[in-house]
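A.B. asks: Mind having a look at this structure? Questions to follow.
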Amino acid sequence: MQNRATNAICKIAVRVMSNYDYKPEYERHLPHIQPPGACLFVTIRLAGSIPIEVLEGLKLEAEERERVIEQTAVATTQPHLRYQEQKRQFGRWDDVLDRAESGPYWLSQPEIATIVVDSLHFLDGDVYEMDAFSVMSNHAHLVFSPLEKEDGSYHALQTIMHSLKRHTAREGNKVLDRKGAFWQHESYDHVVRDRREWERIVAYVLNNPVKAGLVERWEDWPWSYLKNK
């Protein structure tokens, strides 16, 4: 359970959200798309969890495959091919995280994992509806839908992630007695298109600890969650 100090920090984080405007689409290094009311699949990872040379290799591979799609595929099939390629690229990227033999593993510490889990639950029902999550040693998968605000707009994805990362980074660094970047600045996010895809993604999220060989059943992983529907 969260203590009063944690609650106070989280409430401050929620107020900070009002300083960010909702945008249905924005881009930093990665594209981020948030249709109003959409369910989102988001992955956040610790800073330095993937070596730069590996990231560059994946980026070059993705750029090459994009060129192939543009040059060889007819326009009507390109969106589907891009979607399939994004899934494949994400799978490779996530495998790197699961099999990482170096880099930080701070989330494997129960005290830090608890900070992340408590923070995810705290905003549930106020800022978003959380469907499922799984917190691993160096990353976390989330499936949630930002909620509508009183003015009719929706809580912005970039604001939600800023709030969660800011609070958990501060509290996590306190536990580690360190300073500096805790989370990688940007997150991977994907719009869940329909119920069938939602079921596939939620199963993927919950079975991440099973795939990594940490437990035999997802229910045995203490840092996973599935909302009762």
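The values are calculated or read from the model by the stated rules, or taken from the named source; none is laboratory data. For clarity, every value in this text was computed on a predicted model and none was experimentally measured. When we count neighbours, we look across all protein chains shown, and the Cβ atoms used for this are built from the backbone with ideal geometry, even at glycine.
A.B. asks: Among the residues of the range 6-29, is any at pLDDT 70 or above, over 14 Å from GLU186 (Cβ atoms) and in a loop (DSSP other than H, G, I, E, B)?
C.D. replies: So far as the range 6-29 goes, no, none of its residues is at pLDDT 70 or above, over 14 Å from GLU186 (Cβ atoms) and in a loop (DSSP other than H, G, I, E, B).
A.B. asks: Are any residues in the range 143-194 among the β-branched types (Val, Ile, Thr), touching an Asp or Glu at 6+ places or on another chain (Cβ under 7 Å) and within 30 Å of GLN84 (Cβ to Cβ), and if so, which ones?
C.D. replies: VAL143, the sole residue that qualifies.
A.B. asks: From the residues in the range 147-200 that are under 28 Å from LEU55 (Cα atoms) and hydroxyl-bearing (Ser, Thr, Tyr), which one is modelled with the highest pLDDT?
C.D. replies: Residue satisfying both the conditions and the ranking: THR168.
A.B. asks: Here's something else I'd like to know. Identify the residue in the range 97-112 that is surrounded by fewer than 18 Cβ atoms within 10 Å (Cβ to Cβ) and under 13 Å from ASN208 (Cα atoms) and, among all such residues, is modelled with the lowest pLDDT.
C.D. replies: Only one residue tops the list, namely ASP98.
A.B. asks: Restricting to the range 35-84, give me the number of residues that are of a type in the set (Ser, Thr, Tyr) and in a strand (DSSP E or B).
C.D. replies: So the count comes out to 1.
A.B. asks: Scan the strands (runs of 3 or more DSSP E) fully inside the range 86-197 and keep the ones with 3 or more residues being more than 21 Å from ASP220 (Cα to Cα).
C.D. replies: Hits in the range 86-197: 139-146, 188-192.
A.B. asks: Might you let me know whether the range 80-96 holds any residue that is among the acidic types (Asp, Glu) and assigned by TED's automatic domain parsing to the domain that holds SER163?
C.D. replies: If we filter the range 80-96 for residues that are among the acidic types (Asp, Glu), which is where we start, we get 85, 94-95.
In the following step, the residues that additionally are assigned by TED's automatic domain parsing to the domain that holds SER163 were identified as none.
No, that holds for no residue.
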